[in-house]
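Worksheet: one structure, shown below.
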Amino acid sequence: MTERETSFEELLERAEAGDADAQYEIGNHYAELDPPNLGEAHRWHLRAARSGSREAMGVLGTEYLEGNGPPQNLTLGLMWMLRLSAWGLPYARYLVGRACLGGRAVPRDREEGLRWIAGAAADPYEHDARHLLGLAAIGGEVGGLGRLEGLRLVEEAAVIGLPDAQADLAGLYRTGRVVAADHSKAFRLAEASAARGDARGMLELSRIYGDGLGVERSDADSLLWLVKAAGGGNLEAVAALGQRCVDGSGGALSAEQGVELLRTAAEAGHGWAQYLFGVLHFEGRFVPRDPEEAFAWFSVAYSNGVGDALPYIGVCHLEGIGVPVNVKEGLDLLDRSELDGNANAMLELILACLMPPEDMTANHEQAFDIATRATERGVQWGPFALGLLKRTGKGCWGSEREAVAWFRRGAERGCPEAQYEIARLLESGQGMPRDEAAAMELYGKAAMGGCRSAAARLGLPSLDHDGFHRSRFRSLDRLRKAVSPDDRADPVLAAPITPAGPGHGELLH
């Protein structure tokens, strides 16, 4: 009998007699076998924890939280961590804080979670907690701890090699938040994080390649790293990949696979995925149209902090989509969203002012005021809306000259509908010198941006680059019809252009 076997037998004898340390060691022995015997390891760790071993409590809590040995049980895992935290162990406090932040086994409570995280972060060696506390301080959530101090905590965690801290710091350098933008540093940090297998670092690399920040822009590399990040379980990456697939930019992945990716992220609690999944059901794209399902997902997404869901909820109440019609509730929700600067809510409110629901009267002046606010806030279609109102004199003094000026501004902002308006004027020579070459170029830009009228003018199929908002918010056809229900295009411009010389398709590349 070898010395190792003898020592194990002696350890087992002590463990059977109730020695907590020996029970803990026996559990570790089974966990370290090749292959490990996780069930037996868990049984001994449970005995050791019940005998008072703090080390065993920590391991046992982790086993329950991760389902590593016993079936996953977040409540039991958190219970053991709470017992440990009573002795002041920083890592246990950190895990309890994470549970509160994520709503795992306890109600989601960010304030309570940060209190636990701050308690753990008091230990200078608890870098996971200090990293999270730093992020919260950067977001202005920690009283008495400024953004620069928060940055120092994140940097400290990144320097010691914490992969998720490296990924977060890469994001700060990529966006220029808190620190001066430095795309080279962002790339190096994201690369280091991804090299350690961190999905968030992979997601940062996807964004860096997608925007060409400090590296040559590459859609292929961006998609490659996004797929890796999603495969690593990062819900944000899963949602982003699902959106790409549904919008047709997921490479070899199909729209149907995109739907399943969004479903996975939505059911796992990712707010943006819940919102997008609601949009799919709202519009009946790749899934059967289901107003009730759409409303439910919008409500969940909004409760998870996705402000873009609120205009949809308002529209549902306003038009009785998935819920009974409640005009007052719908308008109140749109008003609330408009106060937050949401462009979709502004558009819906302008439409409600121009084409009021039953038992309400039109209010053109309010429509003009909202369009003005949208323009001042930088909303792309704001000048286009003002141009339409100025041209018709609704809610303001009519002025063709001012309308053209607003259309020009909208075209400069990249609004496809405004570009189409200017192209019409350039082609016809109405309101500005005739310039067919410039008109064709603008028609091409407008068509590329999704303007159906411009695509039809060029004899091209309608192009859609933003499927999630095409039918409800992206298309401004409803706005044009609401302002000028009897408007007719210039008959001279009614027929599609017959290409002469180089094909108009060249304008779209």
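The values are calculated or read from the model by the stated rules, or taken from the named source; none is laboratory data. Keep in mind that what you see is a predicted model, and the values were worked out from it rather than measured. Virtual Cβ from ideal backbone geometry, glycine too; neighbours counted across all protein chains shown. Remember, those area values only see protein heavy atoms, side chains included, never the ligands or the DNA or RNA. Shrake-Rupley method; radii C 1.70, N 1.55, O 1.52, S 1.80 Å.
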Worksheet, complete the sentence: Carbon and sulfur atoms account, in whole percent of the 1.4 Å probe accessible area of the stretch 267-322, for 52 percent
Response to the item:
Going residue by residue through the stretch 28-34, the Karplus relation 6.51 cos²θ - 1.76 cosθ + 1.60 with θ = phi - 60° gives ³J(HN,Hα) values, rounded to whole Hz and with x marking Gly or Pro, of 5, 4, 5, 5, 9, 5, 10
Discussion item. Compute the helix-to-body angle for 309-319: its Cα long axis versus the longest principal axis of the chain, expressed 0 to 90° and rounded to tens.
Written reply: 50 degrees
Practice prompt. Using θ = phi - 60° and the Karplus relation 6.51 cos²θ - 1.76 cosθ + 1.60, list the HN-Hα couplings for the stretch 158-170 in order, rounded to whole Hz, with x at every Gly or Pro.
Written response: 5, 5, 7, x, 6, x, 6, 5, 4, 5, 5, 5, 4
Fill in: Heavy-atom accessible area per residue - the stretch 176-246, 1.4 Å, Å²
45 Å²
Worksheet, complete the sentence: Karplus-derived 3J(HN,Hα) from phi for the stretch 418-434 (6.51 cos²θ - 1.76 cosθ + 1.60, θ = phi - 60°), whole Hz, x at Gly and Pro, runs 5, 4, 5, 4, 5, 4, 4, 5, 5, 5, 8, x, 9, x, 6, x, 5
Worksheet item: For the residue pair T264 and R50, what label-to-label distance in nm results when each label sits 7 Å from Cα along the Cα-to-beta-carbon direction?
Response: 3.8 nm
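Roughly how many Å² is the accessible area per residue of the stretch 47-124, as a whole number, for a 1.4 Å probe?
Heavy-atom SASA per residue in the stretch 47-124 reads 50 Å².
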Practice prompt. Take the alpha carbon atoms of the stretch 328-363, find their center, do the same for the stretch 124-165, and report the distance between the two centers in whole angstrom.
Written response: 41 Å
Worksheet, complete the sentence: Per its Cα gyration tensor (rounded if a/c is under 1.5, else prolate when a/b beats b/c, else oblate), the stretch 261-362 is best filed as prolate
Worksheet item: Rounded, prolate or oblate: which fits the stretch 1-75, taking a ≥ b ≥ c as square roots of the Cα gyration tensor eigenvalues, rounded meaning a/c under 1.5, else prolate when a/b beats b/c?
Response: oblate
Item to complete: Using only alpha carbon pairs under 8 Å that are at least six residues apart, calculate the relative contact order of the stretch 216-374 and give it in whole percent.
Response: 11 percent
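With every protein chain left in place, what is the accessible area per residue of the stretch 373-412 in square angstrom, probe 1.4 Å?
49 Å²
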Item to complete: Find the relative contact order for the chain and round it to a whole percent, using C-alpha pairs within less than 8 Å whose residues are 6+ positions apart.
Response: 4 percent
Practice prompt. Using a 1.4 Å probe over the heavy atoms of the protein chains, calculate the carbon and sulfur portion of the accessible area of the stretch 124-180 as a whole percent.
Written response: 55 percent
Worksheet item: Can you give me the relative contact order of the stretch 306-463 as a percent, contacts being Cα pairs under 8 Å and 6 or more apart?
Response: 11 percent
Fill in: For the chain, calculated [θ]222 nm from helices alone, where every DSSP H run of n ≥ 4 adds -39500 (n - 2.57)
-20000 deg cm²/dmol
Item to complete: Sort F407, F295 by accessible area with a 1.4 Å probe, largest first.
Response: F295, F407
